[in-house]
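Undergrad: Quick one: the structure is below, and I'll ask about it shortly.
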Amino acid sequence: MTGFTLSDLDRIIEARATSGDPGSYTRKLIDKGVPKIAQKVGEEGVEAAIAAVMGDNDGLTGEAADLLYHLLVLLRARQVPLSAVMEELERRTAQSGLQEKASRGNG
């Protein structure tokens with residue numbers, strides 16, 4: 001089992017996003033802006049869903065990694081800290097999923 005966490009990935013993304021390295025993919029994404037990063041999140045989400053439906057667990061693993069990476073880049077670009085997302089998840093898991101969903105009015 002790996003000890004690598006989303007917080008580790010978030011720290012790497014932060015370092016690369018603020019670097020002046022012209023060879024950094026993360027830096028290039030940040031420079032292209034939120035619309036391009038959001039497009040990548042959408043693409044990776046669809047690719048992950050397709051891999052899941054096709055029963056391709058290796059493909060799903062790779063696409064899930066891509067999705068998580070691009071989602072963290074999007075959060076960074078919008079200046080939403082990962083800790084805020086984790087706090088929201090913690091808040092939501094303090095009650096049953098159906099209770100939480102109902103509290104959002106999405107019944």
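The values are calculated or read from the model by the stated rules, or taken from the named source; none is laboratory data. None of these values were measured; they are calculated from a predicted model. Note that each Cβ is placed from the backbone with ideal geometry, even for glycine, and that neighbours are counted across all protein chains shown.
Undergrad: Please determine, by comparing only the residues of region 1-26 that are free of Cβ contacts under 8 Å to residues at least 12 places away in the same chain and surrounded by 16 or more Cβ atoms within 10 Å (Cβ to Cβ), which one is nearest to the chain's Cα centre (by Cα).
TA: Across region 1-26, the extreme among qualifying residues is Arg16.
Undergrad: Only one of these is farther than 17 Å from Arg16 by Cα, in a helix (DSSP H, G or I) and at pLDDT below 95: Gln39, Gln95, Gln99. Name it.
TA: Gln99
Undergrad: Got a sec? Which of Val73, Val34, Val80 is surrounded by fewer than 16 Cβ atoms within 10 Å (Cβ to Cβ), out of contact with any Asp or Glu (no Cβ under 8 Å at 6 or more places or on another chain) and in contact (Cβ under 8 Å) with a residue 40 or more places away in the chain?
TA: Val34
Undergrad: Restricting attention to region 83-107, report how many residues are surrounded by fewer than 12 Cβ atoms within 10 Å (Cβ to Cβ) and of a type in the set (Lys, Arg).
TA: Here the count works out to 2.
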